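To keep things clear, I will list the structure first and then write my remarks on it.
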Amino acid sequence: MRIMAVMGKCISILKKWKQSVLFKRKLREMDNLWLFMGGSCWGLFPPSFYYTHTEEEIEQITNETLERIKKLIDEFKAIRS
């Protein structure tokens, strides 16, 4: 009986691992298609970012990224003036 329980647990772990690997592969394919279609020119983050972060994290990271971009633009303007 104990061996069956251990084997069941191992099978469960392997199934979860397989699902994780397949999900990561799907995200990578999605990002590659996004890059191929020119998404890096128009999007702030690749599609996988939105699948792996919560709405609050997305908003926070977006705001931080935009602030850094604005700071770089201001520094560039100061150099050019």
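For the stretch 47-63, give me each residue that is in contact (Cβ under 8 Å) with a residue 24 or more places away in the chain and open to solvent by 90 Å² or more (accessible area, probe 1.4 Å). Break it down into steps so the answer makes sense when it comes.
Of all residues in the stretch 47-63, those in contact (Cβ under 8 Å) with a residue 24 or more places away in the chain come to 51-52.
Scanning the stretch 47-63 gives a single hit, TYR51.
Among all residue pairs at least 6 apart or on different chains, which show Cβ distances below 8 Å where the first residue, located in the stretch 64-81, is touching a residue at least 12 places away in the same chain (Cβ under 8 Å) and the second is open to solvent by less than 100 Å² (accessible area, probe 1.4 Å)?
Listed by first residue and then by second, the contacts come to THR65/LEU44.
What pairs can you find where one residue is in the stretch 1-24 and within 28 Å of SER48 (Cβ to Cβ), the other is open to solvent by 100 Å² or more (accessible area, probe 1.4 Å), and their Cβ atoms are less than 9 Å apart, with a gap of 6+ or different chains?
PHE23/TYR51
Could you check the stretch 62-81 and list, in sequence order, the residues that are of a type in the set (Asp, Glu) and within 29 Å of TYR50 (Cβ to Cβ)?
Restricting attention to the stretch 62-81, the residues satisfying the condition of being of a type in the set (Asp, Glu) are 64, 67, 74-75.
Those that are of a type in the set (Asp, Glu) and within 29 Å of TYR50 (Cβ to Cβ): GLU64, GLU67, ASP74.
Can you spot a residue in the stretch 28-46 that is open to solvent by 100 Å² or more (accessible area, probe 1.4 Å) and in contact with a Ser or Thr (Cβ under 9 Å, 6 or more places away or on another chain)? Even if it seems obvious, please write down each step before you answer.
Initially, the stretch 28-46 is screened for residues open to solvent by 100 Å² or more (accessible area, probe 1.4 Å), giving 28-29, 33, 36-37, 41-42.
Filter again for in contact with a Ser or Thr (Cβ under 9 Å, 6 or more places away or on another chain), leaving 28.
Yes: one or more hits.
The values are calculated or read from the model by the stated rules, or taken from the named source; none is laboratory data. Only a predicted model underlies this, so the values are computations on that prediction, with no experimental measurement involved. Virtual Cβ from ideal backbone geometry, glycine too; neighbours counted across all protein chains shown. Protein only, heavy atoms only, side chains kept; ligands, DNA and RNA dropped before computing areas. Shrake-Rupley method; radii C 1.70, N 1.55, O 1.52, S 1.80 Å.
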